[in-house]
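Enquirer: Please read through the structure below; I'll follow up with questions.
The values are calculated or read from the model by the stated rules, or taken from the named source; none is laboratory data. Predicted model, so just to flag it, every value in this text is computed and none were measured. All Cβ positions, glycine included, derive from the backbone under ideal geometry; neighbour counts span all protein chains shown.
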Amino acid sequence: MTAVPAVPIVGDEVGAVESRDDIAARLHAMLISRRAEEAEQLGLLGTARDSTDFDEHAEIAATVATETLREIERALARFEDGTYGTCELCGEVIPLERLEVIPESTTCVNCARTR
Ligand SMILES: [Zn+2]
C-alpha cells in the first residue's frame, strides 16, 4: 500500500512510466531552477538599470521577470499547501501537458483564457 501524494496531479496521460510523485518532484525541480533563472535575469537587469543601455525594453523585461517570479513563488507555495496542479479559480485539475509547458501556471486553460 503506497501513500497517496498530497499533490493532486493526474498522471494517466503519461502512462505508468512516472508516478505522480515523480512528476510532482520533476515539476517542483523545474520551478526551483526557473526561479533561479528569473532571479538571475532580474539581477542582470538591476545592474543594467544604472547604465545608459537601460531603456524601455529592459524595463518591460524587468516587469515580465518580476511577474514570472511572483507566479513561480505562488506555484511553489501551492506545492506547500498541497493544491499545486489544480486551478485556483475553478478548482479543476490542470492538465499535465499544461504544467509541463508552464509549471508555474495556477489556473486551467479555460480560466487563463477568460481572465
Ligand atoms: Zn479553472
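Enquirer: Determine which member of the set Arg113, Arg35, Arg49 is away from the ligand (no atom under 14 Å from the Cβ) and modelled with pLDDT under 95.
Expert: Values: Arg113 fails: away from the ligand (no atom under 14 Å from the Cβ); Arg35 fails: modelled with pLDDT under 95.
From the options Arg113, Arg35, Arg49, the qualifying one is Arg49.
Enquirer: Among the residues of segment 54-83, write down those that are free of Cβ contacts under 8 Å to residues at least 12 places away in the same chain and under 12 Å from Thr106 (Cα atoms).
Expert: At the first step, the residues of segment 54-83 found to be free of Cβ contacts under 8 Å to residues at least 12 places away in the same chain are 54-57, 59-60, 63-64, 67, 70, 77, 80-81.
Residues satisfying the conditions are Arg70, Ala77.
Enquirer: OK, next. Please give the number of the condition Thr106 fails out of (1) in contact (Cβ under 8 Å) with a residue 40 or more places away in the chain; (2) surrounded by 16 or more Cβ atoms within 10 Å (Cβ to Cβ); (3) part of a loop (DSSP other than H, G, I, E, B).
Expert: Of (1) in contact (Cβ under 8 Å) with a residue 40 or more places away in the chain; (2) surrounded by 16 or more Cβ atoms within 10 Å (Cβ to Cβ); (3) part of a loop (DSSP other than H, G, I, E, B), only one is false for Thr106: (1).
Enquirer: Taking the conditions exactly as written (more than 9 Å from the ligand (Cβ to nearest atom), surrounded by 15 or more Cβ atoms within 10 Å (Cβ to Cβ), of a type in the set (A, V, I, L, M, F, W, C) and modelled with pLDDT of 90 or more), does Ile72 satisfy them or not? Walk me through it before giving the result.
Expert: Details: more than 9 Å from the ligand (Cβ to nearest atom): yes; surrounded by 15 or more Cβ atoms within 10 Å (Cβ to Cβ): yes; of a type in the set (A, V, I, L, M, F, W, C): yes; modelled with pLDDT of 90 or more: yes.
Answer is yes for this residue.
Enquirer: Please pick out the residue among Gly85, Gly91 that is loosely packed, with under 14 Cβ neighbours inside 10 Å, small (Gly, Ala, Ser) and within 16 Å of the ligand (Cβ to nearest atom).
Expert: From the options Gly85, Gly91, the qualifying one is Gly91.
Enquirer: Just checking, does segment 1-22 include any residue being modelled with pLDDT under 95, of a type in the set (Gly, Ala, Ser), within 19 Å of Arg98 (Cβ to Cβ) and under 17 Å from the mean Cα position of the chain (by Cα)?
Expert: There is no residue in segment 1-22 that is modelled with pLDDT under 95, of a type in the set (Gly, Ala, Ser), within 19 Å of Arg98 (Cβ to Cβ) and under 17 Å from the mean Cα position of the chain (by Cα).
Enquirer: Give me a count of the residues in segment 52-62 that are part of a helix (DSSP H, G or I) and either within 14 Å of the ligand (Cβ to nearest atom) or β-branched (Val, Ile, Thr) (or both).
Expert: Here the count works out to 1.
Enquirer: Hey, another quick one. So, Ala65, is that one farther than 29 Å from Glu18 by Cα, away from the ligand (no atom under 12 Å from the Cβ) and small (Gly, Ala, Ser) or not?
Expert: So Ala65 fits the description; yes.
Enquirer: Please count how many residues of segment 18-38 are under 19 Å from Gly82 (Cβ atoms) and in a helix (DSSP H, G or I).
Expert: Number of matching residues: 13.
Enquirer: Assigned to a helix (DSSP H, G or I) and touching a residue at least 12 places away in the same chain (Cβ under 8 Å): is that true of Leu89 in this structure?
Expert: Judged against the criteria, Leu89 is not a match.
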